[in-house]
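See below for the structure under consideration.
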Amino acid sequence: MFKYQIITNPNFLIDEEIIKNIFLEVDNIIDKKQNWILNIVFVTLDEIQKLNKDYRQKDYATDVLSFHYFLDFLLVKDDEIAWELIFAEEKIISQWIEYWLWTQKEFYKLLIHSILHILWFDHEIDSDYEIMQNYENVIWNKIFDKN
């Protein structure tokens, strides 16, 4: 299971227990190595736009970016920081308003999505989108629909 560090906290409350459960469910459902450490960082819209432009050549603010620090993960030690998830707090809040989720759930939704990207899931083509969306839904339901 991934270990994680929250490097900067958002101005909204996040539940560490839910975050731990997300990582646990991803580990239970996805059969891929998840032993590395990842950082969770919250930044401003300007900061994420600059990162998006510098690293992806896309000049706009996005909700989350994921970065890996190694080209060959076979060489990564289990206790090394291998990934970083960069979240734009203002974007999370604006999407919460747009999609009628409370802020924390929008963050949790993006966290699940980002972790799947880290595990090499993508949504560039429809069939890949369906696979990724299915995993997102299964994980979400295990965390939030436990009735």
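Compute for the chain: radius of gyration divided by Kirkwood radius, i.e. Rg/Rh, restricted to C-alpha atoms, rounded to two decimals.
Computed over Cα atoms, the ratio is 0.94.
Exposed loop sites here are trypsin sites (Lys or Arg not before Pro) in DSSP loop states with at most 15 other C-beta atoms within 10 Å. What is the longest stretch of the chain lacking them? Between the exposed loop sites, the longest stretch runs 78-145. The residue list Y108, F70, I6 was ranked by how far each Cα lies along the charge dipole of the chain toward its positive end, using unit charges on Cβ atoms, and I6 comes out on top. Looking at the range 4-48, what % of the alpha carbon pairs are farther apart than 13 Å? Tail of P(r) above 13 Å: 66 percent of Cα pairs. With only Lys, Arg, Asp and Glu charged, each at its Cβ (+1 for the first two, -1 for the last two), find how big the charge dipole of the range 3-144 is about the Cα centre; round to the nearest 20 debye. Taking the Cα centre of the range 3-144 as origin, the dipole is about 140 debye. Working note: Cα gyration tensor of the range 86-140, eigenvalues times five, square-rooted, sorted largest first, giving semi-axes of 21, 12, 10 Å.
The alpha-carbon of K109 sits under 18 angstrom from the alpha-carbons of these lysines, leaving out residues fewer than 8 places away in its chain: K20, K91, K142, K146.
Relative contact order of the range 3-144: what whole-number percent is it, with Cα pairs under 8 angstrom and at least 6 residues apart? Don't jump to the answer; show the numbers that get you there.
On the way: 188 pairs, mean separation 36.3, N = 142.
Computed value for the range 3-144: 26 percent relative contact order.
Every read-out reported here was derived from the displayed coordinates using simple, explicitly stated rules and does not represent laboratory data. The structure displayed is predicted, hence computed values, not measured ones. So basically every Cβ, Gly included, is an ideal-geometry build from the backbone, and we count neighbours across all protein chains shown.
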